[in-house]
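First comes the structure, then the notes that go with it.
The values are calculated or read from the model by the stated rules, or taken from the named source; none is laboratory data. Predicted model, so just to flag it, every value in this text is computed and none were measured. Methodologically, a virtual Cβ is constructed for each residue, glycine included, from the backbone with ideal geometry; neighbour enumeration extends over all protein chains shown. Ligands, DNA and RNA are excluded from the accessible area calculation, which covers all protein heavy atoms including side chains. Shrake-Rupley method; radii C 1.70, N 1.55, O 1.52, S 1.80 Å.
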Amino acid sequence: MSNRQPQRSLARTRSDLSEFLRHHRARLTPADVGLPTRGGRRTPGLRREEVALLAGVGLTWYTWFEQGRDIQVSESFLLNVSKALRLDDAECCHLFLLAHQRPPPSQAYQPASVSAHIQQLLDDLSNRPAYVFNLRWGVVAWNAAADDLLDFGGRNPAERNLMQMMFADPDMRRRLPDWREDAQRLVAQFRCDLTGTPDEPSIRTLIDDLKKLSPDFRRWMEQPDMTGYSRGIGTIVAQSGERLRFQHEVLTVDEHRHLRMVVYFRNEAEDG
């Protein structure tokens, strides 16, 4: 019994994989993907050869894959098929699971971004700084209040990262009177967020670079037990010179891509 059950489970997954691919192939037309429309189609949707062409993979290999044959496919193959079939991020992750592979890092499939509704929600919080960041703690969206406070718009995209801002930006550090406490709490949360997640090369590179740059970051990242966690900066000196204190709330925006929104609330009783 113990030897047969995995085989039945594997066969069922391959059947699900075939059904999944056929379903998503059938929902697209050549016009949807920029291909010329030709007559004589007996069934709706894209043909296998069209999916293979769009994905840049061999027709025979894609056919075997859709049929659920016992073949090994690479991450790049699955990503190319996902893009050819216009899968969203959740569907891409599901395809990887059906193919018995771990889902890819979020940035591998599509650049992190937020929907128009999430951006509108950010903008509606006109009196509260708020931003959305990913697993790497890169900031991907923000509102005007957050821009006034942290100058996301004035930074290069590669520099819109909370860890880099804390440890690699001397101007930012000068505006944080409680830098050591804030930075240590942020690193504690950063370490917590990475627990049990894939070891993404971009995150490993970020950590290695910051360890070389900052002895404090290196020590706090390697320290196993720390008290106090935070996903936001507690005390900031505004451009006007006013010392502002904040508390934070965190909302999940997209669990598959590890996108979260941080909203800053003024602690006016403690403002200096």
Estimated inter-spin distance, R47 and L251, nm [label 7 Å along Cα→Cβ] | 4.8 nm
Largest to smallest accessible area among C93, C192 [probe 1.4 Å] | C192, C93
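Using the Kirkwood formula over every pair of different C-alpha atoms, what hydrodynamic radius in Å results for the chain? Don't skip to the end; give the middle numbers.
Numbers: mean 1/r = 0.0463 Å⁻¹.
By the Kirkwood definition, the hydrodynamic radius is 21.6 Å.
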Does segment 121-169 come out rounded, prolate or oblate, given a ≥ b ≥ c as the square roots of the eigenvalues of its C-alpha gyration tensor, rounded meaning a/c under 1.5 and, failing that, prolate meaning a/b above b/c?
-> prolate
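Could you please put L149, L54, L35 in sequence from largest to smallest accessible area, using a 1.4 Å probe?
Ranking L149, L54, L35 by accessible area, largest first, yields L54, L35, L149.
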Starting from the Cα gyration tensor of segment 147-194, take the square roots of the eigenvalues, sort them a ≥ b ≥ c, and report rounded, prolate or oblate (rounded when a/c is under 1.5, otherwise prolate if a/b is larger than b/c, else oblate).
-> oblate
Over all distinct Cα pairs, what is the inverse of the mean 1/r for segment 133-272, reported as the Kirkwood hydrodynamic radius in Å?
-> 15.6 Å
Residue-span extension gain [T60 to F265] - 0.36 nm each, minus C-alpha spacing | 68.1 nm
F246 accessible area, 1.4 Å probe, all protein chains in place, Å² to nearest 10 = 20 Å²
Cα extents of segment 56-192 along the principal axes, largest first, in whole Å, come to 62, 31, 23
With label points set 7 Å from each Cα along the Cα-to-Cβ direction at E181 and K83, the distance between them in nm comes to 4.7 nm
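For T43, T235, T63, write out the residues from largest to smallest accessible area, computed with a 1.4 angstrom probe and no ligands counted.
On the way: T43 95, T235 5, T63 25 Å².
From most accessible down to least: T43, T63, T235.
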Extension length gain for S18 and S76 (0.36 nm per residue less Cα distance), in nm, is 19.0 nm
Only helical DSSP H runs with n ≥ 4 go in: add -39500 (n - 2.57) per run for the chain, normalise by residue count and round the 222 nm mean residue ellipticity to 500 deg cm²/dmol.
-> -13500 deg cm²/dmol
